[in-house]
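The values are calculated or read from the model by the stated rules, or taken from the named source; none is laboratory data. In this text, all values refer to a predicted model and were calculated from it rather than measured experimentally. Positions of Cβ are backbone-derived with ideal geometry, glycine not excepted, and every protein chain shown enters the neighbour counts.
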Amino acid sequence: MKFKTGVVVNGVVIVQGKERHAALCQVILDAAKEFDRESQRKYGIEAVITSGIEGTHKENSKHYQGEAVDLRSREYTEEQAVYLMTWIKNRFPSCDVVDERETASHIHIEYDPK
């Protein structure tokens, strides 16, 4: 698995002018690793995390809590992306997988236990 330059998985983030420490939770790291393994196994494509705890997101984004990652989607066909999103949803029921390919060119995975 690759990380886009500048991706932060553990560090200080500034949210609404306040500093706080954040790190990606283990479930999200595991989901991203499994996404990568399946992507490489089935399609020979290495997954790329494009956003962790850094970046500009919605005010209450799970990124700032270390509970979300974005994975680059431009390398995948429609069929491949749908397969991988479904596979992750089934393998990690405590995670939501959001298809943001049209608006942001990535697949968003966030920890959201039911």
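Brief remarks follow.
- Listed conditions (1) outside any helix (DSSP H, G or I); (2) within 14 Å of the chain's Cα centre (by Cα) are all met by Glu59, apart from (2).
- Residue pairs whose Cβ atoms lie under 6 Å apart, sitting 6 or more positions apart in sequence or on different chains, and linking a residue in the stretch 61-81 that is on the phi > 0 side of the Ramachandran plot to a partner that is among the hydrophobic types (A, V, I, L, M, F, W, C) and not in a strand (DSSP E or B), are Gly66/Leu24; Gly66/Cys25; Gly66/Ile53.
- Hits in the stretch 99-114 - residues which are closer than 16 Å to Ala47 by Cβ and free of Cβ contacts under 8 Å to residues at least 24 places away in the same chain: Asp99
- Residues within the stretch 92-108 that are under 10 Å from the mean Cα position of the chain (by Cα) and more than 21 Å from Asp30 (Cβ to Cβ), tallied: 0
- Looking only at the stretch 102-114, residues that are among the hydrophobic types (A, V, I, L, M, F, W, C) and buried (at least 20 other Cβ atoms within 10 Å of the Cβ) come to 2 in all.
- Looking across the stretch 66-101, the residues that are in a helix (DSSP H, G or I) and either surrounded by 16 or more Cβ atoms within 10 Å (Cβ to Cβ) or modelled with pLDDT under 90 (or both) come down to Ala81, Tyr83, Leu84, Met85, Trp87, Ile88, Arg101.
- Residue within the stretch 43-63 that is among the basic types (Lys, Arg), in contact with a helix residue (DSSP H, G or I) (Cβ under 9 Å, 6 or more places away or on another chain) and buried (at least 17 other Cβ atoms within 10 Å of the Cβ) present: yes
- Residues that are polar (S, T, N, Q) and not in a helix (DSSP H, G or I) were ranked within the stretch 32-54; the one that is modelled with the lowest pLDDT is Ser51.
- Residue pairs meeting the criteria (Cβ under 8 Å; at least 6 apart or on separate chains; first more than 17 Å from Pro93 (Cβ to Cβ), in the stretch 27-48; second among the basic types (Lys, Arg)): Glu46/Lys2; Ala47/Lys2; Ala47/Arg72; Val48/Lys2; Val48/Lys4; Val48/Arg72
- Within this structure, Ala104 passes the test of being at pLDDT below 90 and among the small types (Gly, Ala, Ser).
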